[in-house]
Amino acid sequence: MPRPKLYATAEEQLEAARARKLAYYYRNRREILPKMRKRYAKKVGKESIAPDRRKKAKEPTPEPAPPPKPEITSLARQIRLLDGQLYALTDNSIRAHTARVCKVAMKAGAAGDMVEKMLERLRGLEGDVDEHHNAIYSAGGLCKEWEDAQPTVRRFKRIIEYFEDMECHIMEGDLKDAHAKKLLRFQSSTER
């Protein structure tokens, strides 16, 4: 008895052959892939065979940075505390705070005393920040905590420059004129 025909046309036979090859490939792909890579490398002429992508290359892990010393951590915490005091004092905008103080100083009669008291308070805070910042540098050098404190030091220096400029104009008696002509340092600054 002859076998019945499974496929009526040549296209159906090709489709069935493709399906059998795919099924065979997916069942045995772990053994077939390295063989295929070698044949491809011979055919193309590459000397090195591409690595198996399933296996990840092991990269050496970098050594973790040593934890900071406890005294550096406490000094950095003190600097953050002083930075928080500056933010609370200036409402998070040095220029806006300086502009408010300048307007009050122009209206008030004893403006020099008010600006001088504010400047003394800021210099005291800046002295503490500088002291802690220098202590971090002497204990750990150019470490992460020292770099994190740099913007705080710059903010303190900037606000003190603004107030010193305002105090100079008060002593000269031309604060209103300088404010009207926008000659004060905080007016010409682009920083917040």
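Check whether at least one residue in region 38-57 is at pLDDT 80 or above, surrounded by 10 or more Cβ atoms within 10 Å (Cβ to Cβ), touching a helix residue (DSSP H, G or I) at 6+ places or on another chain (Cβ under 9 Å) and outside any loop (DSSP other than H, G, I, E, B), and report yes or no.
Checking region 38-57: not a single residue is at pLDDT 80 or above, surrounded by 10 or more Cβ atoms within 10 Å (Cβ to Cβ), touching a helix residue (DSSP H, G or I) at 6+ places or on another chain (Cβ under 9 Å) and outside any loop (DSSP other than H, G, I, E, B).
Is there a residue in region 181-191 that is loosely packed, with under 12 Cβ neighbours inside 10 Å, touching a residue at least 12 places away in the same chain (Cβ under 8 Å) and more than 30 Å from residue 66 (Cα to Cα)?
Yes, because at least one residue in region 181-191 is loosely packed, with under 12 Cβ neighbours inside 10 Å, touching a residue at least 12 places away in the same chain (Cβ under 8 Å) and more than 30 Å from residue 66 (Cα to Cα).
Starting from residues that are small (Gly, Ala, Ser) and out of contact with any Leu (no Cβ under 9 Å at 6 or more places or on another chain), keep the ones in region 126-139 and report whichever is farthest from residue 75 (Cα to Cα).
Selected residue: 127.
Being loosely packed, with under 14 Cβ neighbours inside 10 Å and of a type outside the set (Ser, Thr, Tyr) is the filter here, so list the residues in region 132-147 that pass it.
Residues satisfying the conditions are 134, 141, 142, 144, 147.
Condition check: at pLDDT 80 or above, more than 30 Å from residue 72 (Cβ to Cβ) and in contact with a Gly (Cβ under 8 Å, 6 or more places away or on another chain). Does residue 116 satisfy that?
Numbers: at pLDDT 80 or above: yes; more than 30 Å from residue 72 (Cβ to Cβ): yes; in contact with a Gly (Cβ under 8 Å, 6 or more places away or on another chain): no.
The answer is no for residue 116.
Cβ-Cβ under 9 Å, sequence separation 6+ or interchain: first residue in region 1-14 and aliphatic (A, V, I, L, M), partner modelled with pLDDT of 75 or more. Which pairs?
That search, which allows pairs on different chains as well, returns 6/12; 6/13; 6/16.
Please state which one of 22, 33, 86 is surrounded by 11 or more Cβ atoms within 10 Å (Cβ to Cβ), at pLDDT 80 or above and not assigned by TED's automatic domain parsing to the domain that holds residue 170.
Going through 22, 33, 86 in turn, just one is surrounded by 11 or more Cβ atoms within 10 Å (Cβ to Cβ), at pLDDT 80 or above and not assigned by TED's automatic domain parsing to the domain that holds residue 170: 33.
Is it true that some residue in region 145-157 is within 14 Å of residue 82 (Cβ to Cβ) and of a type in the set (Phe, Trp, Tyr)?
The answer is yes; a qualifying residue exists.
Among what's in region 120-131 and is out of contact with any Ser or Thr (no Cβ under 9 Å at 6 or more places or on another chain) and touching a residue at least 40 places away in the same chain (Cβ under 8 Å), pick the residue that is surrounded by the fewest Cβ atoms within 10 Å (Cβ to Cβ).
This residue is 128.
Give the residue, chosen from 88, 65, 99, 105, that is in a loop (DSSP other than H, G, I, E, B) and of a type in the set (Gly, Ala, Ser).
Values: 88 fails: in a loop (DSSP other than H, G, I, E, B); 99 fails: in a loop (DSSP other than H, G, I, E, B); 105 fails: in a loop (DSSP other than H, G, I, E, B).
After ruling out the rest, the residue left standing is 65.
If residue 74 satisfies every condition in (1) buried (at least 16 other Cβ atoms within 10 Å of the Cβ); (2) part of a helix (DSSP H, G or I) but one, which is the exception?
Unmet for residue 74, out of (1) buried (at least 16 other Cβ atoms within 10 Å of the Cβ); (2) part of a helix (DSSP H, G or I): (1).
Condition check ((1) over 24 Å from the mean Cα position of the chain (by Cα); (2) at pLDDT 80 or above; (3) among the small types (Gly, Ala, Ser)) across all residues:
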site	(1), (2), (3)
74	no, yes, yes
78	no, yes, no
131	yes, yes, no
162	yes, yes, no
167	yes, yes, no
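The values are calculated or read from the model by the stated rules, or taken from the named source; none is laboratory data. Values in this document were obtained by computation on a predicted structure and should not be read as measured data. Every residue, glycine as well, gets a Cβ built from its backbone with ideal geometry; the counts of neighbours run over all protein chains shown.
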